[in-house]
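Written out below as C-alpha cells is the structure these notes cover.
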Amino acid sequence: MITQITEQEKISKTVLKGLTLKELKEFFEAAGEKRYRGEQVFEWMYGHLIDNFDQMENIPKYLRKKLNSFCELITLKLHSVEESKITGTRKYIFETKDNFKIESVIIPEAKRTTLCISTQVGCPLDCKFCATGLMGYKRNLTTGEIFDQFLLASKDYKLSQITNIVYMGMGEPLLNFNNTLKSLKIFSEEKTRGISLKKITVSTAGIPHKIIELADSQIGVKIAFSLHSLFDETRSKIMPINKKYNLSSNLEAIRYYVNKTKTRVTFEYVMFNDLNDREDDFHALVKLCKSLPCKVNVIPFNSIAHMFPTGISKELKPSPKQRIEEFVQKLRDKGITVTVRFTQGDDIAAACGQLAYKFENN
Ligand code: SAH
C-alpha cells in the first residue's frame with residue numbers, strides 16, 4: 001500500500017526544470033509562497049545547475065521539504081558518453097524518463113566549444129540524407145529536457161567550457177516551437193549559467209510561419225537554414241518538407257527574420273555529388289547570398305551507411321573533396337563568407353546528420 005502511494009506521488013510531481021522565470025514566480029505565488037522564491041529556485045536550477053532542493057541554501061527548510069514532496073528537477077539521465085579519438089568530439093546519450101534515448105554532441109574547436117542539442121526524439125521530416133530522419137519520430141522534448149542536455153553535458157565536460165550552443169541535434173526545433181522558445185528564454189536570462197543568446201543558433205529545415213513567429217517573439221537568436229539546393233525540384237527530392245513549404249516561402253520568411261532581428265542567417269549547404277555541386281547551383285547560391293545578410297556553412301555529406309539506407313538515401317554520395325574546395329573558394333572569391341564544417345566525430349557517428357538511436361525499448 002505504502003509503495004503504491006509513493007508511486008502515485010512520483011507521477012503527480014511537478015517538474016520545475018523547464019519553467020521560465022515568469023512561470024516559476026507564478027508557480028510559487030499559486031502555491032501560497034512569495035514570488036521571489038521563484039527567482040531563487042531559478043538561479044539554483046539554471047545558474048548553479050543544482051538539481052537537488054536540499055542544496056538550495058536560501059530556501060527555508062519547510063519549503064525544501066514541500067518541494068521534495070511535490071516537485072522534481074531532473075528530466076534526463078546520462079546513459080553513456082563516447083569520445084572521438086580523432087577530434088575530441090564527445091557524444092552523449094541521454095535517457096528520458098519514458099526510456100527514450102536522445103543525443104547531444106560537444107565539438108571542441110580552436111576558439112570555441114560548441115554543444116549541439118536535440119529538440120525532439122527522432123524527427124518527422126524524413127530528410128533523405130539524415131540518420132535521424134530515417135529513424136522516425138516519437139515525441140517533442142520538454143523544455144526541461146532541452147535544458148538538461150546543456151546541464152549534464154557541461155557538468156561532465158568542464159563547466160564554463162561550452163561557449164556556443166547549436167540547436168542542430170535530433171529533430172526540427174521549429175516543430176517543437178513552444179518548448180524551443182521557452183528554452184531560449186531561459187538561456188537569455190542574466191542569471192542563467194554561461195551562454196548568451198548571441199552564441200546560440202537554431203537550425204531549421206524551413207517552417208516559414210514559425211520563422212516569422214520566432215522573429216516576432218523578439219528573442220533575437222541567430223538562425224540557420226538548411227538550404228542544400230536552390231532548386232525546388234532537387235530540394236523536394238531530398239527534403240520532403242519542401243513540397244509543403246517551398247524555397248520562396250522560406251526565403252521570404254528568412255528575409256523578414258533578418259530584417260526584424262538585424263542578424264545574418266547561416267545557409268547550411270550539405271554537398272552531394274552531382275546533385276547540388278554544379279555551376280548552376282553555384283550561380284544560384286551566389287545570387288541568393290548577394291541579396292541578404294548571410295554566411296554559408298558548407299558541410300561535406302556524412303555517411304549514413306550505419307542506418308542501412310534504401311532508395312534515394314542510398315544513392316546520395318558526398319561531393320569529392322576537391323570539388324568542395326573549389327566550390328568554397330569560388331564563393332569566397334565572390335566575397336561571400338563561408339565556413340566549412342569538416343567532419344567531426346564521424347568515427348563515433350556524432351557528425352551532422354548521423355544522430356540516431358533505435359527505439360529498442362519502445
Ligand atoms: N532539423 C534541423 C536541425 C537538425 S540537422 C534542420 O534541418 O536544420 C542539422 C544540420 O545537419 C542540417 O543542416 C542538416 O541538413 C544537416 N545534416 C543532416 N544530415 C546530414 C548528413 N548526413 N551529413 C551532413 N549534414 C547533415
Gyration tensor verdict on the range 71-164 (Cα atoms; rounded if a/c is under 1.5, prolate if a/b is larger than b/c, oblate otherwise): oblate
The range 20-86-the range 206-266 distance, computed between alpha-carbon centres (Å): 35 Å
For a label point 7 Å along the Cα-to-beta-carbon line of HIS209, residues of the range 111-139 with backbone N under 19 Å: 124-125
Distance histogram in 5 Å bins (all Cα pairs of the range 7-72, percent per bin): 4, 18, 30, 30, 14, 4, 0
Estimated FRET transfer efficiency when R0 is 22 angstrom, pair SER12-ASP54 (beta carbons, to 0.05): 0.60
Considering only the range 36-180, percent of DSSP beta bridges that pair antiparallel, nearest 5: 85 percent
Simple spin-label estimate for LYS262 and ALA31 in nanometres, 7 Å along Cα-Cβ: 4.0 nm
The chain: mean projected area of Cα convex hull, nm²: 19.3 nm²
Two-site FRET efficiency, ASP156 against LYS61, from Cβ-Cβ distance with R₀ of 35 Å, rounded to 0.05: 0.70
Reachable aspartates and glutamates from LYS317, criterion Cα separation under 12 angstrom, eight or more residues apart if same chain: ASP274, ASP277
Gyration tensor over alpha-carbon atoms, the range 9-151, equivalent ellipsoid semi-axes in Å: 33, 18, 13
Modelled label reach - GLU315, point 7 Å along Cα→Cβ, the range 242-282 residues with backbone N closer than 16 Å: 272-277
Under-5 Å amide H pairs with PHE225, H placed in peptide plane, nonlocal only: THR204, THR266, PHE267, GLU268
Cysteines not pairable in the chain (beta carbon separation under 4.7 Å absent): CYS71, CYS116, CYS123, CYS289, CYS294, CYS352
Potential lengthening between PHE70 and THR234 on full extension [0.36 nm per residue; Cα-Cα distance subtracted]: 53.8 nm
Protection proxy ranking, peptides 98-106, 327-335, average beta carbon neighbours within 10 Å, highest first: 98-106, 327-335
Phi to ³J(HN,Hα) by Karplus 6.51 cos²θ - 1.76 cosθ + 1.60 over the range 87-103, Hz, x for Gly, Pro: 10, x, 4, 10, 9, 9, 10, 10, 10, 7, 4, 9, 6, 8, 9, 10, 10
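Readers should treat all values here as calculations from the given coordinates under stated rules, not as data from a laboratory. The structure presented is a predicted model; accordingly, all values stated were derived computationally and were not measured. Methodologically, a virtual Cβ is constructed for each residue, glycine included, from the backbone with ideal geometry; neighbour enumeration extends over all protein chains shown.
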